Amino acid sequence: MAERNSTPVEIIEPERRRFWNNEMEAIIGIMVVLLILGTINVFSSSFVKAEMDSGTPYYYLFHHGINIAVGLVAFIICFRCDYHIWRRYMPFILAFTIIALVLVLLIGIEKNGAKRWLAIGGAGFQPAEIAKLVAIMIAAAYLARQVRHNLEIEIFTVQMGVIAVMFALTEIEPDMGTACIILGVPLIMLIVAGLERQKVYLMLGAALIGAVAMILRNPYRLDRLKVVFDPWSDAQNVGYQTVQSLSAIGSGEMTGMGLGVGVSKYDYLPEAHTDFAFAIFCQENGFLGAIFVFMLFAALAIYATRIAAKARDEYGQMLSMGIMILIVGQAIGNLLMVGGMFPVVGIPLPFISYGGTSLIVTMASMGILANIGRQN
């Protein structure tokens, strides 16, 4: 009689169901959800202003749709192209960015006392938004070389000097919020890459002195800083936006007033569809809706950090980390500003706020991040 095979049979457990199979799919899924929420919120927060300004409630929604379409093209291009190509063509990209920043100061569209846009085919184009991503690419290329060859990381380099030029040109517009992002994100990247503690202290000291100088350069900035501690002390002037924002957030309570029902967009809250779009979102979707957005950005930070950790080279690690700091950092800054814990500096909430160049650059950044994740 033949002997039975006594080899134990391996039991294969079924794989757990997940929303996505890897970090690349995760960040794309998060981006899609944020785009849907942002599109709904852009229309809800802007249809009153659109009706008053253009005679149709769909004006901003229509242009937002165009921005998403252009952003999708940018995302697909950046997703399909190897992320190393941006390093190869950086001299041309940098030259274009600096020339555009200079042209803004010379022939830019002036709005509310600031020149920040170039007119292209009847649409506004904001070069400073591109400078954010270019600054990250420059810093990532420098840090990748230093880390690969185990070289000391320095603050005062040619690369940081170029970034400082873009920072200065943006500050002259004036646009302090965007300028601080252009310089601030690369500096944070230096710290993450292993900048020595003494140099970190030196950098923080220089940043403090620079911030004081920028605030004193325009007196209204000092007024905005003062009202952070008590916006109701000047509720009808400098603190008006903060007071109205807090009122909108508080009136949303737990579940919100409902889509389209929020009242603050009826000429109570300035910039309700741009910088303070999240206040309208909270008013209409409540605390639960706000927590959901927090969780989306937190998840984006986690999955982007995982992409950075698994990147196949140092440039991919630094670039993906810089993009994560840019997008999530802007989200944190906007949420603090809308919540009255940070001065009003004009930082948009990625995907949620209305803004053409900002949205397109953010989606392009997500395409680069997804490409890094794709090659892991």
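Observations on the structure shown:
- Number of the exception - Tyr89 against (1) of a type in the set (Phe, Trp, Tyr); (2) at pLDDT below 95; (3) surrounded by 14 or more Cβ atoms within 10 Å (Cβ to Cβ): (3)
- Residue match in the stretch 341-349 (condition: hydrophobic (A, V, I, L, M, F, W, C) and touching a Lys or Arg at 6+ places or on another chain (Cβ under 6 Å)): yes
- Which listed residue, of Gly252, Gly260, is surrounded by fewer than 15 Cβ atoms within 10 Å (Cβ to Cβ) and more than 13 Å from Met341 (Cα to Cα): Gly260
- Residue match in the stretch 132-148 (condition: surrounded by fewer than 17 Cβ atoms within 10 Å (Cβ to Cβ), of a type in the set (Val, Ile, Thr), within 17 Å of Leu326 (Cβ to Cβ) and within 22 Å of the chain's Cα centre (by Cα)): no
- Residue selected from the stretch 326-370 under the condition among the polar types (S, T, N, Q) and surrounded by fewer than 24 Cβ atoms within 10 Å (Cβ to Cβ), by the criterion nearest to Gln126 (Cα to Cα): Thr357
- Index of the failed condition, Met176 passing every other in (1) loosely packed, with under 14 Cβ neighbours inside 10 Å; (2) at pLDDT below 95: (1)
- Of the numbered criteria (1) touching a residue at least 24 places away in the same chain (Cβ under 8 Å); (2) of a type outside the set (Lys, Arg); (3) not in a loop (DSSP other than H, G, I, E, B), the one Gly258 fails is (3).
- Condition check for Glu271: part of a loop (DSSP other than H, G, I, E, B) and closer than 26 Å to Ile182 by Cβ: yes
- Pair list, Cβ under 7 Å, 6 or more apart: the stretch 308-320 residue outside the structural domain of Gln146 (by TED's automatic domain parsing), other residue of a type in the set (Lys, Arg) and surrounded by fewer than 23 Cβ atoms within 10 Å (Cβ to Cβ): Glu314/Arg148; Tyr315/Arg87
- Ser365 vs. criteria over 30 Å from Leu246 (Cβ atoms) and in the same structural domain as Leu72 (by TED's automatic domain parsing): yes
- Of the residues making up the stretch 112-125, none is within 20 Å of the chain's Cα centre (by Cα), closer than 30 Å to Glu25 by Cβ and touching a residue at least 60 places away in the same chain (Cβ under 8 Å).
- Only one of the numbered conditions (1) part of a helix (DSSP H, G or I); (2) surrounded by 18 or more Cβ atoms within 10 Å (Cβ to Cβ); (3) among the hydrophobic types (A, V, I, L, M, F, W, C) is violated by Phe287, and that is (2).
- Residue ranges of helices (runs of 4 or more DSSP H) in the stretch 168-228 with at least 3 members of a type outside the set (Lys, Arg) and under 30 Å from Ala309 (Cα atoms): 176-193, 197-217
Conditions tested, residue by residue: (1) surrounded by 13 or more Cβ atoms within 10 Å (Cβ to Cβ); (2) over 24 Å from Tyr315 (Cβ atoms); (3) modelled with pLDDT under 90.
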{"position": "Tyr58", "(1), (2), (3)": "yes, yes, no"}
{"position": "Val73", "(1), (2), (3)": "yes, yes, no"}
{"position": "Phe96", "(1), (2), (3)": "yes, no, no"}
{"position": "Ala100", "(1), (2), (3)": "yes, yes, no"}
{"position": "Ile109", "(1), (2), (3)": "yes, yes, yes"}
{"position": "Arg116", "(1), (2), (3)": "yes, yes, yes"}
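- Entry remark, the stretch 236-282: residues being farther than 26 Å from Asp53 by Cα and touching a helix residue (DSSP H, G or I) at 6+ places or on another chain (Cβ under 7 Å) number 6 in total.
- Matching helices (runs of 4 or more DSSP H) fully within the stretch 33-145 where at least 1 residues are in contact with a Phe, Trp or Tyr (Cβ under 6 Å, 6 or more places away or on another chain): 59-80
- When each of Phe47, Phe79, Phe62 is tested for being within 27 Å of Gly373 (Cα to Cα) and of a type outside the set (Lys, Arg), the lone residue that passes is Phe79.
- Against the test of being small (Gly, Ala, Ser) and surrounded by 13 or more Cβ atoms within 10 Å (Cβ to Cβ), the options Ala213, Ala277 yield a single qualifying residue, Ala277.
The values are calculated or read from the model by the stated rules, or taken from the named source; none is laboratory data. Note that the structure is a prediction, hence the values are computed from the model and not measured. FYI the Cβ positions are ideal-geometry reconstructions off the backbone, even for glycines, and counts take in every protein chain you see.
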